[in-house]
1. Can you tell me which of 158, 176 is modelled with pLDDT under 95 and more than 14 Å from residue 148 (Cβ to Cβ)?
2. Given (1) surrounded by 12 or more Cβ atoms within 10 Å (Cβ to Cβ); (2) in contact with a helix residue (DSSP H, G or I) (Cβ under 9 Å, 6 or more places away or on another chain), identify the lone condition not met by residue 125.
3. Quick check on this structure: which one of 210, 154 is out of contact with any helix residue (DSSP H, G or I) (no Cβ under 7 Å at 6 or more places or on another chain) and closer than 30 Å to residue 76 by Cα?
4. If the requirement is being buried (at least 16 other Cβ atoms within 10 Å of the Cβ) and at pLDDT below 85, which of these qualifies: 131, 56, 73, 63?
5. Kindly list the number of the only condition in (1) more than 26 Å from residue 99 (Cβ to Cβ); (2) surrounded by fewer than 16 Cβ atoms within 10 Å (Cβ to Cβ) that fails for residue 199.
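The values are calculated or read from the model by the stated rules, or taken from the named source; none is laboratory data. None of these values were measured; they are calculated from a predicted model. Positions of Cβ are generated from backbone atoms using ideal geometry, with glycine treated the same way; all protein chains shown enter the neighbour counts.
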C-alpha cells in the first residue's frame with residue numbers, strides 16, 4: 001500500500017469517526033432513553049410480580065386461618081371478612097363460603113353465595129360456571145328437569161370449563177323426563193370424549209348399565 005493510499009484510508013477513518021460522534025451527540029439521548037425505559041419496565045414488572053405474590057400469600061394465610069376455626073358459621077364469617085384483591089380471589093372466597101354453608105347445612109346461605117357468584121360478571125367463567133353447576137345440584141329436584149336442562153345447556157358449550165359435568169347432569173335430567181334414549185346417546189358420547197376423566201367415565205358407565213344400555217367391550 002502506497003503512502004498516498006494509507007493517508008487516504010486514515011483520513012476516511014477519521015471522517016467516519018467524526019460522523020459517528022456527531023450522530024451520538026445528536027441521537028444518543030434516544031438510546032439512553034430506550035435503555036432507561038427497558039430497565040424501568042423490568043423493575044416495574046418485578047415489583048408488580050412481588051406485590052402479586054405478597055397479596056396471594058396474604059390471601060392464602062387469611063383463608064387458611066379462617067378454615068381452621070371449629071364452627072362452620074365462624075368460618076363463613078371469617079371468610080366473608082377477607083378483602084379479596086382481585087375478582088378471581090373474590091370468586092374463590094365465595095366458593096369457600098358456599099362450601100362452609102353446605103357443611104353447616106345452611107341451605108339459604110349456600111344458595112345466596114352461589115347465586116351471587118354465578119351472576120357476578122367480573123368473576124372468571126371457571127368460577128361462575130362452577131357456582132352455577134353447584135347451585136343446580138344443590139337445588140336438585142326443586143328445579144324442574146327441563147329448567148335444569150336449559151340452565152345446564154349454557155354450561156355445556158365448546159370450551160366451557162365444566163362442559164362434561166354439565167352434559168352428565170343434562171343426561172340425568174333427560175332420564176327424569178323419560179327421555180332415556182336421548183340420555184343414553186349423550187352418555188355414550190361422554191364415554192368416548194377424550195377429555196373425560198376416569199371418575200367421570202366410571203359414573204357414566206354405571207349410569208348406562210343402570211339404564212339398560214350396552215357398553216362396548218374393553
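1. Values: 176 fails: more than 14 Å from residue 148 (Cβ to Cβ).
Answer to the selection: 158.
2. (2)
3. Answer to the selection: 154.
4. After applying the criteria, what remains is 63.
5. Single failed check for residue 199: (1).
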